[in-house]
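Novice: One structure is given below, represented as structure tokens, and several questions about it will come after.
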């Protein structure tokens with residue numbers, strides 16, 4: 001099995017050292033780069049080409065949101081895992097929209113960092129358990145979805161497609177997994193989103209989190 005190549009960006013030396021220790025203790029992980037600012041992290045990530053970039057939200061230079069957008073756009077092979085002290089769900093929404101595949105609180109790192117890295121590297125989405133349950137947007141996407149569930153039910157294909165989208169898989173990857181065409185995946189996604197009133201990928205992720213589709217076992221399927 002290939003080792004997971006991870007890059008780390010955090011502007012607090014003590015935190016950086018602690019996270020480094022956790023990562024290097026896993027024999028399946030290679031730490032391939034470190035940075036202490038967003039502006040240093042971007043060229044480091046470009047050069048190292050890690051599978052997962054673990055980055056803080058509040059950093060000098062580029063902040064976590066800006067860095068996530070740049071990495072997602074410029075380094076498509078790298079998945080971003082946010083590691084932060086911010087517990088406010090309002091932080092989660094824009095970061096997921098920017099392309100982050102995971103959001104983990106620093107206070108959970110000792111127990112959950114390695115699980116989160118493995119989940120994100122496998123193509124899934126990881127949300128800190130204390131965040132997932134209430135990371136709902138104020139526009140009422142979850143309420144719309146709950147109301148819509150009283151109407152036309154999702155087909156098994158639509159449900160599976162939505163679950164895999166929430167876990168971070170691309171349309172092409174989903175097509176291979178469920179043995180259909182990419183065009184069919186796009187159709188299932190559009191139908192499911194319309195039935196549930198879900199308008200963005202972030203809303204799909206929040207819907208999935210509320211149903212337990214993003215737990216550790218689901219992410220490894």
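The values are calculated or read from the model by the stated rules, or taken from the named source; none is laboratory data. Since we're looking at a predicted model, the values are computed, not measured. Positions of Cβ are generated from backbone atoms using ideal geometry, with glycine treated the same way; all protein chains shown enter the neighbour counts.
Novice: Do you know which residues across the range 188-214 are farther than 16 Å from residue 99 by Cα, part of a loop (DSSP other than H, G, I, E, B) and modelled with pLDDT of 75 or more?
Specialist: 197, 198
Novice: Which condition from (1) at pLDDT 75 or above; (2) on the phi < 0 side of the Ramachandran plot is the one that residue 179 breaks?
Specialist: Only one criterion is unmet by residue 179, namely (2).
Novice: Still on this structure, I have one more. From the set of residues in the range 59-79 that are assigned to a helix (DSSP H, G or I) and touching a strand residue (DSSP E or B) at 6+ places or on another chain (Cβ under 8 Å), which is surrounded by the most Cβ atoms within 10 Å (Cβ to Cβ)?
Specialist: 67
Novice: Follow-up. Identify all residues within the range 54-75 that are under 16 Å from the mean Cα position of the chain (by Cα) and more than 17 Å from residue 97 (Cβ to Cβ); write none if there are none.
Specialist: Residues satisfying the conditions are 54, 56, 75.
Novice: List the residue pairs whose Cβ atoms are under 7 Å apart, where the first residue sits in the range 95-124 and is within 19 Å of residue 26 (Cα to Cα), the second is in a loop (DSSP other than H, G, I, E, B) and modelled with pLDDT of 90 or more, and the two are 6 or more positions apart or on different chains.
Specialist: Hits for this filter: 114/26; 120/101; 121/51.
Novice: Considering only residues that are within 19 Å of residue 78 (Cβ to Cβ), part of a helix (DSSP H, G or I) and in contact (Cβ under 8 Å) with a residue 60 or more places away in the chain, which ones fall in the range 1-37?
Specialist: 19, 23
Quick grid of which residues meet (1) in a helix (DSSP H, G or I); (2) surrounded by fewer than 19 Cβ atoms within 10 Å (Cβ to Cβ); (3) at pLDDT below 90; (4) within 11 Å of the chain's Cα centre (by Cα):
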site	(1), (2), (3), (4)
43	yes, yes, no, no
81	no, no, no, yes
103	no, no, no, yes
118	yes, no, no, no
